[in-house]
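Here the structure is laid out as structure tokens; the discussion comes afterwards.
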Amino acid sequence: MPQHIGIAACSAEGAALCYRTICVEGAQLLGAHAHPEVSMHTPSLAEYMERIYRADWPGVGEMMLASARKLASMGADFLICPDNTLHQALPYVLPRSPLPWLHIAEVVAAEAAARGYRRVGLTGTRWLMEGPVYAKELLRPTAAEREEINRIIMDELVCGQFKPAAVAYFQRVFDRMKDAGCDAVALGCTEIPLLMNDANSPLPTLDSTRLLARAALRRAVG
């Protein structure tokens, strides 16, 4: 029997994409219409943001642990979090977690290495781009770019708004990263893949949401 996947969710759009990917692509490994058992717990995004805005990462960790305990009680065997930013709190979570976690940045790094990328750009919320979740070697956007990308994510993408102007802005940032020597870009917010992909990006993309979902599928089926 495949293992039971627990999803500790934060924002709805990214979590929904991760969930859909697991359910749809499970058939490739398990047969028509089949996928591992999946449970998801989603606190209010406002409660997470209240803590993130004041840099209360231990408090974020407590919320993640609350989700972990609920998912463990549902029978989950391991956990994933389809939110890159929340991984900044994972060091507060792992020592007390009832279940093991897959780490989204490790999954993305493994894919970048497998595909031979040597210089990767990073996009995501400003907390992610300025934080320690991803390796410091990844190229970050400029300060002004970080602010606009964060605005697009928090004011538009997490609200299910995907605008042509946002696509154009990301394309300009990716073009600059390409000129700076990047050979790929990590979509380090789980909503960005709903806006950007290999078809409209000047650089090959590393889709953190789907990569995490696929890693969870591989673990679940052994």
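So here's what we get for this one:
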{"read-out": "³J(HN,Hα), Karplus 6.51/-1.76/1.60, whole Hz, each residue of region 47-52, x for Gly, Pro", "value": "5, 5, 5, 4, 6, 5"}
{"read-out": "The chain - Rg and Dmax from Cα coordinates, angstrom", "value": "16.7, 49"}
{"read-out": "Å² per residue, accessible surface of region 1-74 at 1.4 Å", "value": "48"}
{"read-out": "Positive minus negative residues near ARG51 (Lys, Arg vs Asp, Glu; Cβ under 15 Å)", "value": "-4"}
{"read-out": "Reachable lysines from LYS178, criterion Cα separation under 28 angstrom, eight or more residues apart if same chain", "value": "LYS136, LYS163"}
{"read-out": "Sum of -39500 (n - 2.57) over DSSP H runs of 4+, divided by residues of the chain (222 nm, nearest 500)", "value": "-15000 deg cm²/dmol"}
{"read-out": "Spatial separation of Cα centroids for region 36-83 and region 144-182, in angstrom", "value": "26"}
{"read-out": "Proximal charge balance of GLY181 [Cβ under 10 Å; K/R count +1, D/E count -1]", "value": "+1"}
{"read-out": "Lys, Arg +1 and Asp, Glu -1 on Cβ, resulting dipole of the chain about Cα centre, debye, nearest 20", "value": "320"}
{"read-out": "Net +/- balance of residues flanking TRP101 in space, Cβ distance below 14 Å, scoring K and R +1, D and E -1", "value": "0"}
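The values are calculated or read from the model by the stated rules, or taken from the named source; none is laboratory data. Since the structure is predicted, the reported quantities are computational estimates derived from the model, not experimental observations. Using ideal geometry, Cβ is built from the backbone for each residue, glycine included, and neighbour counts are taken over all protein chains shown. Calculation scope for accessible area: heavy atoms of the full protein, side chains included, ligands and nucleic acids excluded. Shrake-Rupley method; radii C 1.70, N 1.55, O 1.52, S 1.80 Å.
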